Structure formats: C-alpha cells, structure tokens
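Q: I have a structure I would like to understand better, so I am pasting it below and will then ask my questions one at a time.
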Amino acid sequence: MLFFEPAALSIVAIYVVSHTLGQPERGHFLIRVVLVSAASWIAEESCILLYEFYGYSSNWSLFLAHVPVLVIVIWPIIVHSAWDLASQILRPGHRLVPLAAAAIVLTDASLIEPVGVRTGLWSWNQAGIFDVAPIGILGWAYFALLCIFLFEEARRRNASKRFDLLIFVLPVIGTHLLLIITWWGAFRWVKIAVNPKFALGCAWALSLFLVYAILKRRTGMRVKRKTLLLRLMGALFFFTWFAMNAGDSRLLIAYAVAFVPPYLTLMAQQYLFSSPARISEHP
C-alpha cells in the first residue's frame, strides 16, 4: 500500500489538473468531481451496510466509515474518463453515450474487481468470476450510467449547475433499485462460481471481437491522444500493481492480458492514421 496509494492519488491529481489548466469549464468540472465523489461514497457505504456482500481490507490508510477515502476520490475519474472516451467514440451529445460509457466502466470493473480481490484490496462473500460476484461488477456500470445520463441531460437542456445536484438522487437511489432488480431477477437464483477457464475464454473472445470492430470502424481515429494517454497511465499503474502481487495466478494473468489488445489497437490507430483535425472536448 506504500506504493499503491500515493501512486493512485498522483494519477487522480494529474487527471484533475489536465482537465482544469486552461479549460474554460474548469469550475464546473471541479464541482462535478466533488459531487460524484460524495454520491459514490453514499452509494458504496449504503451498499456495504445494506447488503454486506463485500468489504475493504483494513490495509487502506484512511477510511470514511467503511469506504477508503482514496476509492471515493477515484470514482469521479472513472466516471469522467469513461464519459470522455464514449463521447469521442460516438460523438458528443449522441443519445447512446451514457450506455457506451457504462459499457466502458463495466469493462474496467471486469478487470479491476478480480485483480483487486487477488491483491487483497477488498473481498466478496458471494461466488462469481475469480471470487467476484457479477452483481458487483454491474454495480459499477449502473452508477456510471446514471451519473453520465444526468450530465448528458444537463448539456441537452443547457441546465444550470444546480441540475447537477440530482447526482445525490438518481445515481444513488437508481443504483440501489437496479441492483435489487438484478439480484431478485437473476443472481439471487444462480449463485454459482464461474469456471475461470470459461471466464478466460469469454474475455479473449470479446477482446478479439473488439479489436476487429475497432479496426473496421477506425475508432481510434476519433479518440483524442490526451484521453488515451490519461487512461493508459492508470492502466500501466494497475498492471504494475498486479504484476507485483499476482503470484502464480496464471489464469487470472491470462484473463487480465485479454483487456490489453483493444486498447493497443485504439492507440495504434490514433497515432498512425488519425488526421490533424480533432473533435472538440465536451464540457
């Protein structure tokens, strides 16, 4: 943790600085960072207290009740970077941006959750994928979906900054509602451990499909280098952390590597084939 926490906090700081220096909407960005942080803590703390499905390791340095403060600080970066990437893959204002961003967060969670459990950052008491309950992975996507839906609605309506205060209502209550529906509609009745080899095969099948789709649609040409580099920084940090703590988890290592090819394909397309004209940043 002496390595993990300072490095993670540095990445958060770099991300925030990169979106504030010289940016006309930096004040609004910072307000949203604070609001998403607060909403994420309310959502996580209430999930831990109500459902008792998971808990964080005591090795974290600083907690706010049951949630590490660093996790609360990281959440806005997860949400905003997914929003950035989805807006560029589609286009700013596209009606499917919230769903695309939620899918990106779902992908992030599908990697981070198993690695976090393997390296002792937290633990689950429900069966699932590499000791992670699938509903926990979906919870990431639900929260991000509802946050970004609000941000897109605020843009569409040209709403005042007070509209963002709904972040304390829709993502928090909506995440709980979706989790309950998902649990009682599916996972309550199929509490089984997913075969690691099956999870590995699915991860690689999806990875190769995404590589094909990216190549065919030239997706990397629509994505900004800044967006890719900021996400690359976090990915390199997380893979370094995993390498330091992976041990002999060969299947999990092979599973984690499956998340790399689509991102490298995006990077290669952006650097090799993109035109000088860049799409504009969304606020």
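Q: Within region 36-43, is there a residue that is in contact with a strand residue (DSSP E or B) (Cβ under 8 Å, 6 or more places away or on another chain), modelled with pLDDT of 95 or more, crowded, with 20+ Cβ neighbours inside 10 Å and not acidic (Asp, Glu)?
A: Within region 36-43, one or more residues are in contact with a strand residue (DSSP E or B) (Cβ under 8 Å, 6 or more places away or on another chain), modelled with pLDDT of 95 or more, crowded, with 20+ Cβ neighbours inside 10 Å and not acidic (Asp, Glu).
Q: Which one of 96, 121 is hydrophobic (A, V, I, L, M, F, W, C) and closer than 25 Å to residue 254 by Cα?
A: Just one listed residue meets the conditions, 121.
Q: If a residue has to be in contact (Cβ under 8 Å) with a residue 60 or more places away in the chain, within 22 Å of residue 82 (Cβ to Cβ) and of a type outside the set (Asp, Glu) to count, how many in region 144-191 make the cut?
A: Count: 15.
Q: Among what's in region 17-33 and is in contact (Cβ under 8 Å) with a residue 24 or more places away in the chain and in a helix (DSSP H, G or I), pick the residue that is farthest from residue 160 (Cα to Cα).
A: Residue satisfying both the conditions and the ranking: 18.
Q: Take the residues of region 262-273 that are under 18 Å from the mean Cα position of the chain (by Cα) and in contact (Cβ under 8 Å) with a residue 40 or more places away in the chain: which is farthest from residue 118 (Cα to Cα)?
A: For region 262-273, the residue satisfying everything is 266.
Q: Considering each residue of region 43-83, count those that are outside any loop (DSSP other than H, G, I, E, B) and either under 20 Å from residue 9 (Cα atoms) or among the polar types (S, T, N, Q) (or both), and give that number.
A: 21
Q: Then there is this: Among the residues of region 84-106, count how many are of a type outside the set (A, V, I, L, M, F, W, C), outside any loop (DSSP other than H, G, I, E, B) and closer than 19 Å to residue 224 by Cβ.
A: Within region 84-106, residues that are of a type outside the set (A, V, I, L, M, F, W, C), outside any loop (DSSP other than H, G, I, E, B) and closer than 19 Å to residue 224 by Cβ number 3.
Q: State which residue is nearest to residue 131 (Cα to Cα) when the search covers only region 169-207 and only residues that are exposed (fewer than 14 other Cβ atoms within 10 Å of the Cβ) and among the aromatic types (Phe, Trp, Tyr).
A: In this case the residue turns out to be 198.
Q: Within region 228-250, which residues are surrounded by fewer than 19 Cβ atoms within 10 Å (Cβ to Cβ) and either in a loop (DSSP other than H, G, I, E, B) or charged (D, E, K, R) (or both)?
A: Selection gives 246, 247, 248, 249, 250.
Q: Right, another one. Yes or no: residue 225 surrounded by fewer than 15 Cβ atoms within 10 Å (Cβ to Cβ), within 18 Å of residue 89 (Cβ to Cβ) and in contact (Cβ under 8 Å) with a residue 12 or more places away in the chain?
A: yes
Q: Which count do you get for residues in region 251-261 that are part of a helix (DSSP H, G or I) and buried (at least 20 other Cβ atoms within 10 Å of the Cβ)?
A: The qualifying residues number 3.
The values are calculated or read from the model by the stated rules, or taken from the named source; none is laboratory data. This is a predicted model, so every value here is computed, not measured. Methodologically, a virtual Cβ is constructed for each residue, glycine included, from the backbone with ideal geometry; neighbour enumeration extends over all protein chains shown.
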